[in-house]
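Engineer: If you scroll down you'll find the structure; I have some questions about it.
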Amino acid sequence: MDNTTSDILMLSFGAMGILLALTMFGEVLQAQRNPSNPSPVLETFMTRVKSWWGMTILISLALLSGRFGVVVLFLFASFAALREFLTLTAKVRADHYSLALAFFAVLPLQYFFVWCGWDGLYSVFIPVYAFLLLPIVSALRGNANRYLIRVAETQWALMMTVFCVSHVPALLNIDIAGYGERSVLLIAFLVIVVQLGDLLEYFFGRRIGKTRIAPGLSPKTWEGMACGVVCAMGIGGLLAWITPFGIFGAIAMAGVTSLVGMFGNIVFAAIKRDRGVKDWSHLIPGQGGFVDQLDSVIFAAPIFYHLTRFFWRV
């Protein structure tokens with residue numbers, strides 16, 4: 001067993017330990033609560049923790065399997081998220097060919113380029129080539145009804161659920177001096193600080209939050225976000241040993257990515273509010289669909305990738 005594998009196992013058991021502590025904490029609060037006075041916030045918190053048990057195991061197995069497992073996991077996540085996103089958009093028969101290309105050509109090609117490490121291609125393939133190709137395909141079908149809206153929604157769906165998400169496995173392609181083949185640990189770092197920061201922001205926001213950031217869109221509060229980001233920075237500092245950043249760099253990276261991810265969550269809340277839905281789907285108990293689970297990572301991943309590439313790449 002090499003050092004990277006042992007570190008992944010240590011992180012997996014550590015994450016499970018944190019989830020165990022959160023589970024016990026929630027059970028204690030539930031035991032102290034009056035049964036006749038239900039707490040929706042606590043119940044939602046417990047449901048999210050339980051869902052994260054399964055996701056932690058799944059992500060751990062993907063990290064242990066290396067490049068293949070990571071790319072396949074996020075390709076599947078992008079496919080499911082793209083399907084959820086496009087379900088809430090306006091489409092007509094004239095868009096069928098462009099949608100087929102999005103799912104069965106653009107998406108797999110993006111991840112093929114990531115698999116091959118062709119950063120010159122996966123960095124521009126969707127923002128440039130798919131951006132130009134898919135509107136042409138739709139226009140050739142001759143239906144101009146809500147054309148701009150239909151095209152823009154497809155472009156946004158691809159950018160959010162495929163392009164941004166693919167930056168998570170793309171971290172494997174960054175060559176960092178003295179870091180060797182340990183880039184898979186950057187994925188673990190990103191997922192842990194963003195998701196735990198989100199979970200703690202949710203808890204503290206409902207407990208002590210008073211000032212809403214966007215009252216008409218999201219229940220997030222400035223107090224909850226501050227607590228979540230500070231907690232994410234603390235977690236980042238504790239995980240500095242798996243990164244090439246150093247302790248202060250890890251704290252800064254955790255803070256930036258967690259903060260960006262939380263604002264991304266608000267953006268997706270605005271989309272859901274516009275569409276009149278609470279969740280993108282009901283696939284994951286207590287957490288909606290893949291887009292609901294990935295919303296923070298979607299915004300955080302490209303920022304984390306480019307900061308790492310700019311400051312630490314050879």
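Please treat every number below as a calculation from the coordinates, not as lab data. Remember, it's a predicted structure, so these values are computed and weren't measured experimentally. When we count neighbours, we look across all protein chains shown, and the Cβ atoms used for this are built from the backbone with ideal geometry, even at glycine.
Engineer: Extending each Cα 7 Å along its Cβ direction at residue 119 and residue 105, get the distance between those two points in nm, one decimal.
Structural biologist: 2.8
Engineer: Right, another one. Find how much the distance from residue 33 to residue 145 grows on full extension, using 0.36 nm per residue of separation minus their present alpha carbon separation; answer in nm with one decimal.
Structural biologist: The span from residue 33 to residue 145 would gain 34.8 nm if fully extended.
Engineer: Can you pull out the trypsin sites (Lys or Arg not before Pro) in the stretch 119-164 whose DSSP state is coil and whose Cβ has at most 15 other Cβ atoms within 10 Å?
Structural biologist: Sites meeting the loop and neighbour criteria: 141, 146.
Engineer: List the equivalent ellipsoid semi-axes of the stretch 67-172 in whole Å, largest first, each obtained as the square root of 5λ for an eigenvalue λ of the Cα gyration tensor.
Structural biologist: 25, 14, 10
Engineer: How would you rank 27, 223, going from fewest to most other Cβ atoms within 10 Å of each one's own Cβ?
Structural biologist: Values: 27 12, 223 18.
Placing the least packed residue first, the sequence is 27, 223.
Engineer: Once phi is turned into θ = phi - 60°, what whole-Hz ³J(HN,Hα) does the Karplus curve with 6.51, -1.76 and 1.60 give for every residue of the stretch 225-235, x standing for Gly and Pro?
Structural biologist: Karplus values, whole Hz, x for Gly and Pro: 5, 4, 5, x, 5, 4, 5, 4, 5, x, 5.
Engineer: Can I ask one more? Going by amide H atoms built from the backbone, whose H comes under 5 Å of the H on residue 221, apart from near neighbours?
Structural biologist: Result for residue 221 returns 213.
Engineer: For a test of understanding, tell me how many lysine pairs in the chain have Cα atoms under 18 Å apart, given they are 8 or more places apart or on different chains.
Structural biologist: Total qualifying Lys-Lys pairs in the chain comes to 4.
Engineer: Follow-up. What is the gain in length, in nm to one decimal, between residue 212 and residue 179 on full extension, counting 0.36 nm per residue of separation less the C-alpha to C-alpha distance? Please report the intermediate quantities before stating the final value.
Structural biologist: Numbers: separation 33, 0.36 × 33 = 11.88 nm, distance 4.13 nm.
Here the segment from residue 212 to residue 179 would lengthen by 7.8 nm.
Engineer: A further question follows. Between the alpha-carbon centers of the stretch 1-74 and the stretch 243-284, tell me the distance in whole angstrom.
Structural biologist: Result: 18 Å between the Cα centres.
Engineer: If I take all pairs of Cα atoms in the stretch 171-314, what percentage of them are more than 26 Å from each other? The partial results should precede the final answer.
Structural biologist: Working: 2705 of 10296 pairs.
Beyond 26 Å sits 26 percent of the P(r) for the stretch 171-314.
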